[in-house]
Structures are given as structure tokens and as C-alpha cells.
Amino acid sequence: MIFEGLPTTPRSEELIDKAFSRAARAGRAKEGLEAQQSMLQTSTNILSDNLENVVTSWPDFETVDPFYYELADAVLADLGEFQTEEGEPGGVDLLRKSLSQVTWASRQIDEISREYHSKLRKTDVDTARKHRKQAFARIADVTESVADDLRRIGAARDALKDLPDIRPDEPAIVVAGYPNVGKSSFVNAVTRARNEIAEYPFTTRGVQIGHFEHDRIRYQIIDTPGLLDRPAAADRTARPPRRRARAVRRARAHGLQQERPLDRRRGRRLHERQRGRERRRRARHGGRSGRLRARRSAVSTARLTSNRLGERVRRSCSRCRRPRPVR
């Protein structure tokens, strides 16, 4: 998978803190004019190299297979970070624009470094310190100007790194349909895949891949989430399946076997009934809190008795709850 090895994208604040802290460490190792030059060189190298690595770690979308290009564009279009100012999805085009901005920032920091290195060569220490602080302010502004682009690149990396490895050069079969009709069960039956199966809809949340061979040809079978033939804005049942799944898990934890999915109200009644039984059991047997209260009262009684009688008492008897003197 071409997106699997993408490294974590650092934030602008992290890069600035890292560059300036190492620059201060490098400046303490030297004195005078060399210290200012070393601080400037260290900070600019760290910022420029890290920004360049962010860009070079991504594949070139001009040479990427059209399948992966369309897949990445569809995934990124659903992210909030990839919405244009007009509210339209940006997709891969907006990602490429952010990568171009980061490349510009890396080159701009190199130019600032060369500009101020020439100023530091022929000056005194106080003036060199002023020039170095000016350079730090400029490279910090350049890095902060691409903060949104770095955040957008990081969101794209998190969304694309978990995509399944689908090979365009192999035959592929896509299993699609309504929720809870047995798509994952079919894929598990004909392949070695072990996708999650449950009695409530929307169990499959992402694309899952299985493989099988027929006539010495390797096929890819792709399991997809359930489809609904209505707009997403009008779909009010997108989140209840999660609550229904929690209700089923609670019912199973209470020792109940259910053949059909539990609705929200029924799961709540089961939970309240179980909590009521637990409260009655604690009230009948005292419970842990009752035993603690009894033990504390016994200890306080023992201390009061020992103070009156002048005896040393370590603890009370757990059975009769009376003070027991230490021999």
C-alpha cells in the first residue's frame, strides 16, 4: 500500500520548539560570534529538513495509479479539513496545494538562512545577536504560516494510512448491498478473511479485503459497509446502531441470549433491572460500604473505650465488633 508508510506529520509548534531548543543547546557549546552562527545554522537546518521530509514522504500523485488517486480523492473529500472556502470538497487537489505550500516554506527558510549568514560574518557580537533574533522571528513566521497546511496533511495521513491494500493488477469483486444481509458472512465463507459479524446492522465500518484462487488466478473480494438508498442528511438511524450494539453487549454481559436486535428502550430496561437487583442484594447482605461503616464505627468505639480504661487497643474484633486489647 503506497500510503501505509507515511510518517507522522509534525505540527508547526512542535517544529519551532524543537529547532529553537536545539539551537540554544548549540549556542551554549560555543562563544562569541560562532555561537550566533551555530544557533542560526542549527535552527534553519532542522526546520528546512523536517518540512522537506513531510513533502518527500508522500508519493507523486501525477504518477500514482488512477485507482489509488480516485480512492484517496473520495476519502479526503469526506474530511472536514478538506473543505474549501465555498464549502465544496477539496480532495487530492487541496492536499497537493498544502504540500506545495510546505515546499515553499522549506525553501524560504533556506533563503533566510543564507541572507543572515552573510550579515553575521562581518559584524560584532551584539549586532550579530540582533540579526540572529530577527532571523528567528522570520523563520518562525514562515513556519506558522503553513500551520493549517501541516494540520491538513496530518489529517490526510491518518485517513489514508489504514486503507486496505487493493492491487489494481488483480481481478477484484466488490460485495455491496443493504445492511445486515450477510455480505461479511459471504466473504468469510469464500475466503480466509475473518470480518466481524453481528446480529445488528452497520457492523462493517470500513472496506475489508479477502482473497481466493480459482484456476490459478488470485481474486480479491472486497467487503463494503451497508448502503442505504436515501440522503445522509435525512438518515436519522446512522447513530442508533451503535447504541443498539451497546445494548446487545450489556444484555450478553447480564447472561441473556437475544435472537433479534435490542432497541434502545429495551436495553435501558434491562440495565435498570440489573442495577435494581444489585442494589437489593447489597441492601440485603450489607455490601462492601456497609461493612466499611461497621468497621469504622467499631474502631472508633474501641479507641474511645481504650482512652477511658487506659488500655492500648490496636484494632477491634471483626466478629463481635468489640475492642480487643493488645497483649
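Tabulated data
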| quantity | calculated |
| --- | --- |
| Derived scalar couplings ³J(HN,Hα) [region 89-98; Karplus, 6.51 cos²θ - 1.76 cosθ + 1.60; whole Hz; x for Gly, Pro] | x, x, x, 5, 4, 5, 5, 5, 5, 5 |
| Count, lysine Cα pairs under 19 Å in region 12-160, 8 or more residues apart or across chains | 9 |
| Per-residue ³J(HN,Hα) for region 67-80, Karplus 6.51 cos²θ - 1.76 cosθ + 1.60, θ = phi - 60°, Hz, x for Gly and Pro | 4, 5, 5, 5, 5, 5, 5, 5, 5, 6, 5, 8, 7, x |
| Distance (nanometres) between label positions extended 7 Å along Cα→Cβ at PHE212 and ASP60 | 4.0 nm |
| Peptide ranges 105-112, 272-279, 26-33 listed from the most packed, as the mean C-beta count within 10 angstrom indicates | 105-112, 26-33, 272-279 |
| Where labels lie 7 Å past Cα in the beta-carbon direction, separation of GLU170 and ASN45 in nm | 4.5 nm |
| Difference of contour (0.36 nm per residue) and Cα-Cα distance, ALA29 to TYR178 | 46.9 nm |
| Dipole magnitude of region 167-208 about its Cα centre (Cβ charges: Lys, Arg +1; Asp, Glu -1), debye to nearest 20 | 60 debye |
| Under Karplus coefficients 6.51, -1.76 and 1.60, residue-wise ³J(HN,Hα) of region 34-49 in Hz, glycine/proline x | 5, 5, 5, 5, 5, 5, 5, 5, 5, 5, 5, 5, 5, 5, 5, 5 |
| Under 5 Å, built H, 5+ apart or other chain: amide partners of ALA172 | GLN220 |
| Long-range amide H partners of PHE202 with built H, under 5 Å | ASN180, GLY226 |
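Here, each number is a calculation from the coordinates, and none is a lab measurement. Given the structure is predicted, the values throughout are model-derived calculations rather than measurements. Neighbour counts run over all protein chains shown; Cβ positions are idealised from the backbone, glycine included.
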